[in-house]
Amino acid sequence: MTAERTRGAEDEGERGARSEKSSLSLREDTRAGSKIRELAVEGNLSQYRTIDLEYGHEVSNETLHLISMHATDLEHLNLNACQEYDDDGLLYLSKACTRLESLSLYWNVKVTDVGISGIARVCAGLTDLCLSGCKHLSDTGLNEIARACTNLVSLDLTRCARLTDASISTTSQHCTKLRKLLLYACASPTDVGVKAIFEHLHDLENVDLCGSHHMTDEAFRQVSHRRIPRLRRINLGWCQGISDETLIAIGQGCPNLQYIYLLGDKLITSRGLEALSQGCSKLCGLDICGLAHVEDRSMPAMQRLFPNLTFLAKLGMAPNYHED
């Protein structure tokens, strides 16, 4: 029995070592691009399934070309805040790195629909895609992603201001496994796009609509009877077209909601919060900054409505809206 336990521990240790060996982190490395080149020359790049280059320097099209040639089994690639590559780099990846499950391109202002859709077309297994800050992404690129990457679970489109209801609706119709959808500061969604989100994404857990100032209560009317039972977090900050009617609908349709952010939503009153409290007993985080029509915004007053409340923002201290 002891020998079996020993062998089991050894096997577990070997698996852990292999897992650690298959991951490469050059996060914030000032020589990240050069180190990728060295690994490729040494023949050691092919062993990695995960490569993290976030905020790394010298990450260029050449770097992505080397990765595409030598790390063809790559599953996770983090290029957040690497701004030296462009569409050509993504197209290099699209030629060989077809097993990608997660890809993060945060804050690259050079890539366009061409590169993004090029890699999306060959990576049907993508489940996690971050395009936050990719300002050249348009409906054309997002439509390609939606039709090719139907296994997406998490999609971050923060500050992709060129998107419209058309591509948001297409994404909702095709990517029905989405649990996390971030449209922070996209501005463009109207009732049409938001209705599509709630109509098709039944497993949604986290949705960020902050800054969707064209949206009204009509977008949420169906939530009261369609129900989004898994929704835990919703950001409605600076959605100044919504009123108490939206909170009434959410209270009726989102029984497991834990966090809601209402920063700057001037039409919300105490009546809306009371209605929300009737159906969202699990709420533990609330942002009511700028809600002038809520007379008593103190923690005791809010805890009377929401007994599980542990976080309250009321003076401009906004939380991390994207936290899982």
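None of the figures in this text is laboratory data; all of them are computed from the coordinates on show. Model, not experiment: these values are computed from the prediction. With ideal geometry, Cβ positions are generated from the backbone for all residues, glycine too; neighbour counts draw on all protein chains shown.
I need the full set of residues from region 60-83 which are more than 23 Å from the chain's Cα centre (by Cα), part of a loop (DSSP other than H, G, I, E, B) and closer than 17 Å to residue 116 by Cα, in order please.
Passing the criteria: only 60.
Within region 22-71, work out how many residues are surrounded by fewer than 17 Cβ atoms within 10 Å (Cβ to Cβ) and aliphatic (A, V, I, L, M).
Qualifying residue count, region 22-71: 2.
Among (1) farther than 22 Å from residue 173 by Cα; (2) surrounded by 22 or more Cβ atoms within 10 Å (Cβ to Cβ); (3) under 26 Å from the mean Cα position of the chain (by Cα), where does residue 268 come up short?
Tallying (1) farther than 22 Å from residue 173 by Cα; (2) surrounded by 22 or more Cβ atoms within 10 Å (Cβ to Cβ); (3) under 26 Å from the mean Cα position of the chain (by Cα), residue 268 fails exactly one: (3).
Looking at residue 193 and the list (1) surrounded by fewer than 24 Cβ atoms within 10 Å (Cβ to Cβ); (2) touching a helix residue (DSSP H, G or I) at 6+ places or on another chain (Cβ under 6 Å); (3) closer than 23 Å to residue 166 by Cβ, which single condition is not satisfied?
For residue 193, the failing item is (1).
Which members of region 281-292 meet the condition of being surrounded by fewer than 24 Cβ atoms within 10 Å (Cβ to Cβ) and touching a Gly at 6+ places or on another chain (Cβ under 9 Å)?
289, 290, 291
Listed here are the residues, each with its yes/no results for (1) in contact with a strand residue (DSSP E or B) (Cβ under 6 Å, 6 or more places away or on another chain); (2) on the phi < 0 side of the Ramachandran plot.
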position: 116; (1), (2): no, yes
position: 121; (1), (2): no, yes
position: 126; (1), (2): no, yes
position: 133; (1), (2): no, no
position: 138; (1), (2): no, yes
position: 153; (1), (2): no, yes
position: 158; (1), (2): yes, yes
position: 162; (1), (2): no, yes
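Taking the condition of being among the small types (Gly, Ala, Ser), crowded, with 22+ Cβ neighbours inside 10 Å and over 23 Å from the mean Cα position of the chain (by Cα), how many residues in region 225-256 meet it?
Count: 2.
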